[in-house]
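Chemist: First the structure, then my questions, so here it is.
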Amino acid sequence: MVKIRLRREGKKKYPIYKIVAADARSPRDGGYLEALGQYNPHTDPITITLREDKVETWLKRGAQPTETVRSLLKRTGFWLRWTLRRQGKDQETIQKVMERWQMLQAEKAKREAERKQRRKAKKKSSAQQAEASA
């Protein structure tokens, strides 16, 4: 059975992962059939690069993504597009759904940025209060 999973690379304590198609029996950092992309959790925001045509080819052949890879595919929107294609939706419907998904992702990023600013302001004010009371 072929799995689409992560393969650890990079420096010690600073991993960068390759998204690969590999035999389920091979070790995590062992041989793989084909490299499908890369995932870097250290950038802000995280970087996910995919060769979507290759990922789609392996999924059509029956490769099963691991839970982690599936969540990364969902983050990029590929999994939604793949699901809609499997359901037999036409290209126009897929395009509409993807546009809506991108709008929701932009709103989510905006809310996250606002939340970070509020946390930063709260932390700053609590530090000032502690300094004033000391």
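Chemist: Among the residues of region 55-84, write down those that are in contact (Cβ under 8 Å) with a residue 24 or more places away in the chain and part of a helix (DSSP H, G or I). Steps first, answer last, please.
Modeler: Within region 55-84, the first condition is being in contact (Cβ under 8 Å) with a residue 24 or more places away in the chain, and the residues that meet it are 55-56, 58-59, 61-66, 68-69, 72, 75-78, 82.
Of everything in region 55-84, those that are in contact (Cβ under 8 Å) with a residue 24 or more places away in the chain and part of a helix (DSSP H, G or I) turn out to be Val55, Glu56, Trp58, Leu59, Thr68, Val69, Leu72, Arg75, Thr76, Phe78, Trp82.
Chemist: Which of (1) assigned to a strand (DSSP E or B); (2) surrounded by 14 or more Cβ atoms within 10 Å (Cβ to Cβ) is the odd one out, the single condition Ser26 does not satisfy?
Modeler: (1)
None of the figures in this text is laboratory data; all of them are computed from the coordinates on show. Note that this is a predicted model, so its numbers are computed, not measured. So basically every Cβ, Gly included, is an ideal-geometry build from the backbone, and we count neighbours across all protein chains shown.
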